[in-house]
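Chemist: Here it is, the structure in full.
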Amino acid sequence: MITRLNLRNFDDDGTTSPDDHHAATNEEIEARIAKAHKQGHIEGYLTGADAGRAEMAKTMEKAQTEMVETLGQELARLAIAAEQRHEALVAQVVGFTLQTCEIIFPEIIERMSAERVRKTATQSLKMAIGSSRIRVRLSPATLAEIGPDLRMQAAQHHCDHALELQADPELHAGDARMEWDHGNLDYGFQKICDRLLVELRDTHQRAINAQKEKDGHGQA
């Protein structure tokens, strides 16, 4: 317990009456101590709060930086994965298309070659109108199938007198060779299909090689 404390001015020469000195009571002293303690607590709290906020800000900034770096790495990984999946998908699609065409092209050639030659020869016949000689060579089977139609088309265009239809055993079904005064035609439906197959095979092989190269780099 704090006892009564009288405040004394030691610089006093003794002429001043003791009644003129301010005597602090125990309550006043305790109040002053409590106030100082409270003020110190508040200042300490504020100082600690400022330090805490600064530390929290650093922590959040670091977390945000790490999050951005992680997000960037994940996006890069996803981009690479998407590219690899795209290349793999291209290889699969081209491969499926190639297999399908290799199966159906022979049937398409067998079923459609005569019709394709008929349309192509008819169009060329229109360009040859007015020529003194229109020579058309077809395979024997194709000539037997579309020869009458070509003669009828030539009669409609008033050039039947110049039309010469010939069977050429060296030509395949779907081939046509035409010559007229100022032009010619060398058409082969099977050759067109074969060129498409070659392009598909090359594209498929390039896609496979690209995928292998990517996989090889990924394993390195």
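The values are calculated or read from the model by the stated rules, or taken from the named source; none is laboratory data. The structure presented is a predicted model; accordingly, all values stated were derived computationally and were not measured. In this analysis, Cβ positions are derived from the backbone assuming ideal geometry, glycine residues included, and neighbour counts consider all displayed protein chains. Surface areas here come from the heavy atoms of the whole protein model, side chains and all, with no ligands, DNA or RNA. Shrake-Rupley method; radii C 1.70, N 1.55, O 1.52, S 1.80 Å.
Chemist: Quick check on my filter: what residues within segment 153-163 are open to solvent by less than 100 Å² (accessible area, probe 1.4 Å) and without any contact (Cβ under 8 Å) to a residue 24 or more places away in the chain? Outline the logic, then answer.
Modeler: Initially, segment 153-163 is screened for residues open to solvent by less than 100 Å² (accessible area, probe 1.4 Å), giving 153-155, 157, 159-160, 162-163.
Listed by number, the residues that qualify are 155, 160.
Chemist: Here's another thing I want to ask about it. Given the conditions (1) of a type outside the set (Val, Ile, Thr); (2) open to solvent by less than 60 Å² (accessible area, probe 1.4 Å); (3) assigned to a helix (DSSP H, G or I), and given that residue 176 satisfies all but one, which numbered condition is not satisfied?
Modeler: (3)
Chemist: Could you list all residues from segment 181-205 that are closer than 12 Å to residue 105 by Cβ, open to solvent by less than 90 Å² (accessible area, probe 1.4 Å) and charged (D, E, K, R)?
Modeler: 194, the sole residue that qualifies.
Chemist: Can you tell which of 146, 109 is in a helix (DSSP H, G or I), over 30 Å from residue 212 (Cβ atoms), in contact (Cβ under 8 Å) with a residue 12 or more places away in the chain and in contact with a Gly (Cβ under 9 Å, 6 or more places away or on another chain)?
Modeler: Selected residue: 109, the only one of 146, 109 that is in a helix (DSSP H, G or I), over 30 Å from residue 212 (Cβ atoms), in contact (Cβ under 8 Å) with a residue 12 or more places away in the chain and in contact with a Gly (Cβ under 9 Å, 6 or more places away or on another chain).
Conditions (1) within 20 Å of residue 202 (Cα to Cα); (2) touching a helix residue (DSSP H, G or I) at 6+ places or on another chain (Cβ under 9 Å); (3) among the hydrophobic types (A, V, I, L, M, F, W, C), marked per residue:
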position	(1), (2), (3)
68	no, no, yes
78	no, no, yes
91	yes, yes, yes
104	yes, no, yes
